[in-house]
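**Student:** If you scroll down you'll find the structure; I have some questions about it.
The values are calculated or read from the model by the stated rules, or taken from the named source; none is laboratory data. Being a predicted model, the structure only gives us computed values, none of them experimental. FYI the Cβ positions are ideal-geometry reconstructions off the backbone, even for glycines, and counts take in every protein chain you see.
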Amino acid sequence: AQSVTQPDIHITVSEGASLELRCNYSYGATPYLFWYVQSPGQGLQLLLKYFSGDTLVQGIKGFEAEFKRSQSSFNLRKPSVHWSDAAEYFCAVGPHTGNQFYFGTGTSLTVIP
Amino acid sequence: KAGVTQTPRYLIKTRGQQVTLSCSPISGHRSVSWYQQTPGQGLQFLFEYFSETQRNKGNFPGRFSGRQFSNSRSEMNVSTLELGDSALYLCASSLTQSNTEAFFGQGTRLTVV
């Protein structure tokens, strides 16, 4: 069965500190992997995606994620967090055909000045 | 280039009523998918349309239905509304069914009273 686990419901970091959000997935085939961000009352914005190739992918706003097949993980990282990064972050997996994504439950990020 | 447009943004309905939500995808995009987002269940896939045909359907009762028009615009309908249908309904569009990248709208906030 397909599923995504984001073990951290809420994370608080200080501005300027590094960030890592965890994501583990279960999928029957090689998945496409995504990280989305959602600000309050807004839709989802794509941060980055992994389809194949280099397992370290760069995204927008200084985010990066590393795909580790052996650990079924796709963790999101940022070296220095800005106050504007406070939002809800969702990891998702999807098939190669179709847009039926499976989302994690999200990690809420609070940034302390 | 305009993004994904969902109308209305907010809606209040009474139990037992029906509701229709609209989604206009990005120009040129032919695939539209719908998701329900609630605090308890997170983001759940409703259905996906491509070239006016429903390609995938999530695990929702038959009260939830949708359609896609020849201009790729999509509507979803919920009949006999229940309190539990209160949610943020998100629409996503992508160029094709090949799941390269999905762009989300800001959503329609439905409140059932």
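**Student:** Going by the structure shown, is A:Glu20 more than 30 Å from B:Gly58 (Cα to Cα), touching a residue at least 40 places away in the same chain (Cβ under 8 Å), of a type in the set (D, E, K, R) and surrounded by fewer than 17 Cβ atoms within 10 Å (Cβ to Cβ)?
**Tutor:** Answer is yes for this residue.
**Student:** Scan the range A:32-58 and report the pairs whose first residue is farther than 23 Å from A:Thr97 by Cβ and whose second residue is at pLDDT 90 or above and of a type in the set (Val, Ile, Thr), with Cβ atoms within less than 6 Å and a gap of 6+ or a chain change.
**Tutor:** Listed pairs, sorted by first residue: A:Gln45/A:Val37.
**Student:** If I ask for residues that are in contact with a strand residue (DSSP E or B) (Cβ under 6 Å, 6 or more places away or on another chain) and surrounded by fewer than 15 Cβ atoms within 10 Å (Cβ to Cβ), which ones from the range B:102-113 would you list?
**Tutor:** B:Thr111
**Student:** Looking at the range B:49-97, which of its residues are touching a His at 6+ places or on another chain (Cβ under 8 Å), part of a loop (DSSP other than H, G, I, E, B) and buried (at least 17 other Cβ atoms within 10 Å of the Cβ)?
**Tutor:** Hit for the range B:49-97 is B:Ser72, nothing else.
**Student:** Something else: Of the conditions (1) away from every other protein chain (no Cβ under 13 Å); (2) closer than 30 Å to A:Phe51 by Cβ, B:Leu11 satisfies every one except a single condition; which number is it?
**Tutor:** (2)
**Student:** Quick one: in the range B:11-25, of everything that is touching a Ser or Thr at 6+ places or on another chain (Cβ under 7 Å) and either at pLDDT below 95 or not β-branched (Val, Ile, Thr) (or both), which residue is farthest from B:Val112 (Cα to Cα)?
**Tutor:** This residue is B:Pro25.
**Student:** Is it the case that the range B:48-57 has a residue that's basic (Lys, Arg) and more than 10 Å from every other protein chain (Cβ to nearest Cβ)?
**Tutor:** The answer is no; no qualifying residue exists.
**Student:** So if I check each of B:Ser27, B:Ser33, which one is assigned to a strand (DSSP E or B) and either away from chain A (no Cβ under 13 Å) or of a type in the set (Gly, Ala, Ser) (or both)?
**Tutor:** Result: B:Ser33 is the single residue among B:Ser27, B:Ser33 that is assigned to a strand (DSSP E or B) and either away from chain A (no Cβ under 13 Å) or of a type in the set (Gly, Ala, Ser) (or both).
Results for (1) free of Cβ contacts under 8 Å to residues at least 24 places away in the same chain; (2) under 26 Å from A:Tyr32 (Cα atoms); (3) touching a Gly at 6+ places or on another chain (Cβ under 6 Å); (4) within 14 Å of chain A (Cβ to nearest Cβ), shown as yes or no for each residue.
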| position | (1), (2), (3), (4) |
| --- | --- |
| B:Gly62 | yes, no, no, no |
| B:Ser70 | yes, no, no, no |
| B:Met76 | no, no, yes, no |
| B:Ser86 | no, no, no, no |
| B:Ser93 | no, yes, no, yes |
| B:Ser98 | yes, yes, no, yes |
| B:Phe104 | no, yes, yes, yes |
| B:Thr108 | no, no, no, yes |
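**Student:** Test of understanding: among B:Gly40, B:Gly62, B:Gly66, B:Gly58, which residue is modelled with pLDDT under 95, out of contact with any Pro (no Cβ under 7 Å at 6 or more places or on another chain) and over 19 Å from B:Val113 (Cβ atoms)?
**Tutor:** Just one listed residue meets the conditions, B:Gly58.
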